[in-house]
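Undergrad: I am attaching a structure below and will ask some questions about it afterwards.
The values are calculated or read from the model by the stated rules, or taken from the named source; none is laboratory data. Because the structure is a prediction, the values reported are computed rather than measured. So basically every Cβ, Gly included, is an ideal-geometry build from the backbone, and we count neighbours across all protein chains shown. The protein model used for the area step is the full one, side chains on, heavy atoms only, and it has no ligands, DNA or RNA in it. Shrake-Rupley method; radii C 1.70, N 1.55, O 1.52, S 1.80 Å.
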Amino acid sequence: MDEKIIIPGTEAAPEKRKKILSCIQPSGIPTLGNYLGALKNWKLLSDEFDSAFAVADLHAITVRQDPKMLRKQIMEVFALLLAIGLDPEKNIVFIQSHVPAHSQLAWILNCYTQFGEMSRMTQFKDKSQSHADNVNVGLFSYPVLMAADILLYQADLVPVGADQKQHLEIARDIANRFNGIYGKTFTVPDPYIGKQGARVMSLQDPTKKMSKSDPNPKSFVSVFDSPETIMKKIKSAVTDSEGGVYYGEGKDGVNNLMGIYSCCTGLDYDAIAKEFEGRGYGDFKTAVAEAVIEELRPVRERYDLLMKDQAYLLETAAKGAETAQRIANRTLEKTMKKCGFVLPR
Ligand code: ATP
Ligand code: LTN
């Protein structure tokens, strides 16, 4: 028989492509923090990996949402995923609640997660303070649903901003625990946290992360803000009274603007300090704002076009959900069998 010799890594035996998955909540209009910390990296990574990206609508209801607004925001964020350049033919782009396996696996994983380890989550502590009137059980077990999102797709890498590191550790712990009891079921995921943009801070309080649910709109640039609004918001960003553009301790506001400028221009901090040597914050802020405007311009233009075609968006979401369901159901069944459930015929 004519047997072919297969050399690993060649076309005949391509190395298994690594998988990535990440999600974004439709809890408001995404900010420059979401874009530089996560979305921009998603686009870069999506060409290199088998990728799945979702609108985490189930996560969004851990905080009270107005149904009309939620419906609108889910479609806006879905359109944004396409507008940043993710190709729905090459990547799985979907809406989390369209894939029931996420809720199903989350329930199972809840039973393999300890109350104590959840109680240590800083996001839970922060959010239970900022939403003291609605500290619901979903808010508490939020990281378990996130673990389900990741483990269902056997993701190797999860590109997120630095604020999600603790949640990624829990997902790893849950995967290792389950694998330890039942044998290898889940891939243990690694976080992928980009160097630049990992933590974009609030423009009004640069010790806090920029957040789309911040009640003060001057604290964030939203990806859909007009050029004039971006200029105004960055011009009124809090800095310090010292006046020098360089990266240093106690200069949180300037450090943050330098980080943003660096992400948009590719310049490092030394080059930025040199560019603005002897010039005031006014010039620097104008340059930062202009760089942000140019960075977001193509995203906004594609977004405006996509939002005009809601039928296309719904059809694309349905296709994404179909592919996602196929993969997710495979992992769900495997998990249920290992636990001892009787699967329906
Ligand atoms: P909320 O403000 O409603 O809690 P969020 O913006 O913090 O939402 P997500 O929408 O779920 O949270 O975040 C999507 C992605 O954006 C995540 O990978 C998260 O790490 C990243 N991200 C969010 N805020 C920032 C930030 N300020 N800097 C860098 N990355 C961020
Ligand atoms: N909690 C995440 C959003 C999120 C997520 C995920 C990120 C939900 N499920 C799965 C990565 C993988 C946040 O960024 N706030």
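Undergrad: Among the residues of segment 42-59, are any open to solvent by 30 Å² or more (accessible area, probe 1.4 Å), modelled with pLDDT under 95, within 12 Å of ligand 1 (Cβ to nearest atom) and not aliphatic (A, V, I, L, M)?
TA: no
Undergrad: List the residue pairs whose Cβ atoms are under 6 Å apart, where the first residue sits in segment 16-29 and is closer than 11 Å to Leu58 by Cα and at pLDDT below 95, the second is within 8 Å of ligand 1 (Cβ to nearest atom) and outside any strand (DSSP E or B), and the two are 6 or more positions apart or on different chains.
TA: Pairs that qualify, where the first residue is closer than 11 Å to Leu58 by Cα and at pLDDT below 95 and the partner is within 8 Å of ligand 1 (Cβ to nearest atom) and outside any strand (DSSP E or B), are Ser27/Ala60; Ser27/Ser213.
Undergrad: What are the pairs with Cβ atoms under 6 angstrom where one residue, in segment 202-223, is farther than 23 Å from Pro298 by Cβ and assigned to a helix (DSSP H, G or I) and the other, located anywhere, is charged (D, E, K, R) and modelled with pLDDT of 95 or more? Sequence gap at least six, or different chains.
TA: Listed pairs, sorted by first residue: Lys218/Lys233.
Undergrad: Hey, does segment 150-161 have a residue that's near ligand 2 (Cβ under 8 Å from one of its atoms), within 17 Å of the chain's Cα centre (by Cα), open to solvent by 20 Å² or more (accessible area, probe 1.4 Å) and closer than 19 Å to Ala54 by Cα?
TA: Taking every residue of segment 150-161 in turn, none turns out to be near ligand 2 (Cβ under 8 Å from one of its atoms), within 17 Å of the chain's Cα centre (by Cα), open to solvent by 20 Å² or more (accessible area, probe 1.4 Å) and closer than 19 Å to Ala54 by Cα.
Undergrad: Oh, and also: Please indicate, with yes or no, whether at least one residue in segment 262-284 is in a helix (DSSP H, G or I), open to solvent by 20 Å² or more (accessible area, probe 1.4 Å) and touching a strand residue (DSSP E or B) at 6+ places or on another chain (Cβ under 8 Å).
TA: Checked segment 262-284: no residue is in a helix (DSSP H, G or I), open to solvent by 20 Å² or more (accessible area, probe 1.4 Å) and touching a strand residue (DSSP E or B) at 6+ places or on another chain (Cβ under 8 Å).
Undergrad: Of the residues that make up segment 214-235, is at least one touching a helix residue (DSSP H, G or I) at 6+ places or on another chain (Cβ under 6 Å) and within 16 Å of ligand 2 (Cβ to nearest atom)?
TA: yes
Undergrad: Out of the strands (runs of 3 or more DSSP E) lying entirely within segment 86-196, which hold 3 or more residues that are touching a residue at least 60 places away in the same chain (Cβ under 8 Å) and within 16 Å of ligand 1 (Cβ to nearest atom)?
TA: 92-95, 157-159
Undergrad: If you take the residues in segment 234-261 that are free of Cβ contacts under 8 Å to residues at least 40 places away in the same chain and among the charged types (D, E, K, R), which one is surrounded by the most Cβ atoms within 10 Å (Cβ to Cβ)?
TA: Lys251
Undergrad: Checking Gln325 against (1) open to solvent by less than 100 Å² (accessible area, probe 1.4 Å); (2) assigned to a helix (DSSP H, G or I); (3) over 18 Å from Asp57 (Cβ atoms), only one condition comes out false. Which one?
TA: So Gln325 meets the others, but not (3).
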